[in-house]
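So the structure is just underneath, and the comments pick up after that.
The values are calculated or read from the model by the stated rules, or taken from the named source; none is laboratory data. From a predicted model like this one, the values you see are computed outputs, not experimental measurements. Every residue, glycine among them, receives a Cβ derived from its backbone with ideal geometry; neighbour counts consider all protein chains shown.
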């Protein structure tokens, strides 16, 4: 038991580092955000698909199928918005804005699944919104052109909430790799029309860019999310959710030496508010009972 817990913690730390590096890799790749988004999910699909092929596992039916399809659609749009935001705003601010998914998951649970939200949810939501306003105001005072990037990151967080909600519904009846393979395939298909519409090139890059792109797919997507899903199976969700908020801190620290992006006081103060709000929402904001439909 102790050995399993140790491995779970190591997996969680590895996964945390992998996903924390993704905004840095996206910016260093020097390719359009939609391009890196496509190859992230497509490489993940190519790597994991043989495992599913050997098991001859079909796409599940019923509600699980629709949850997987929805998860792939949400994840594809999420990556397009987030990767494009990273090229238009500081990595720290974009990561802060994009990690507000728990807030929107609560709203979706109330509107779609009729779950009752406590006063702590609304308190946490208010504190996080104040934090987002502080981060946004601080960035726009220095560079007004960051506005689009911040809005894209906020939109990404809403799509990520849809992905998390769909994942929760699908994972009750299917395993991690099956869900990942099918959702990554769907996300790849979803991103292609965006690439065509935005006239985004998908090839013709220098080898340095390809190295970053492959690293994004293998390290941040495959290794990162497999490690996180392993940890989720052995550690309490309350611990993993709080630990994964550390990606904001790691991304901010990596951005200083690798991207020459200084950490601003508005990001620190706003980030603290956002994290506190998310913690309140995650720990005390959701009631255990549901309202009748």
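For this structure, a couple of remarks:
- Filter result for residue 187 (buried (at least 21 other Cβ atoms within 10 Å of the Cβ) and closer than 22 Å to residue 23 by Cβ): yes
- Listed by first and then second residue, the pairs linking a residue in the range 205-229 that is surrounded by fewer than 21 Cβ atoms within 10 Å (Cβ to Cβ) to a residue that is outside any helix (DSSP H, G or I) and at pLDDT 95 or above, with Cβ atoms under 7 Å apart and 6 or more places separating them unless they lie on different chains, are 205/31; 209/30; 209/31.
- Failed item, numbered, when residue 54 is tested on (1) under 27 Å from residue 169 (Cβ atoms); (2) in contact with a helix residue (DSSP H, G or I) (Cβ under 9 Å, 6 or more places away or on another chain); (3) in a helix (DSSP H, G or I): (2)
- Condition met for residue 80 (surrounded by fewer than 19 Cβ atoms within 10 Å (Cβ to Cβ) and modelled with pLDDT of 95 or more): no
- Looking at the range 80-167, the helices (runs of 4 or more DSSP H) lying wholly inside it that each contain 3 or more residues that are farther than 16 Å from residue 264 by Cα and out of contact with any strand residue (DSSP E or B) (no Cβ under 6 Å at 6 or more places or on another chain) sit at 101-112, 119-142.
- Screening residue 179 with (1) more than 27 Å from residue 50 (Cα to Cα); (2) assigned to a helix (DSSP H, G or I) gives one miss only, at (1).
- Residue match in the range 190-208 (condition: within 14 Å of the chain's Cα centre (by Cα), closer than 24 Å to residue 76 by Cα and not in a helix (DSSP H, G or I)): no
- Residue 50 being at pLDDT 90 or above, surrounded by fewer than 21 Cβ atoms within 10 Å (Cβ to Cβ), within 23 Å of residue 191 (Cβ to Cβ) and over 21 Å from the mean Cα position of the chain (by Cα): yes
- Among the residues of this structure, residue 41 does not count as one that is within 22 Å of residue 214 (Cα to Cα), surrounded by fewer than 24 Cβ atoms within 10 Å (Cβ to Cβ) and modelled with pLDDT of 90 or more.
- Top-ranked residue of the range 245-254 - restricted to ones that are in a helix (DSSP H, G or I) and closer than 21 Å to residue 161 by Cα, ranked as farthest from the chain's Cα centre (by Cα): 249
Yes or no, residue by residue, for (1) in a helix (DSSP H, G or I); (2) over 19 Å from the mean Cα position of the chain (by Cα); (3) within 27 Å of residue 38 (Cβ to Cβ):
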| residue | (1), (2), (3) |
| --- | --- |
| 220 | yes, no, yes |
| 227 | yes, no, yes |
| 235 | no, yes, no |
| 239 | yes, no, no |
| 243 | yes, no, no |
| 256 | yes, yes, no |
| 266 | yes, yes, no |
| 273 | yes, yes, no |
| 277 | yes, no, no |
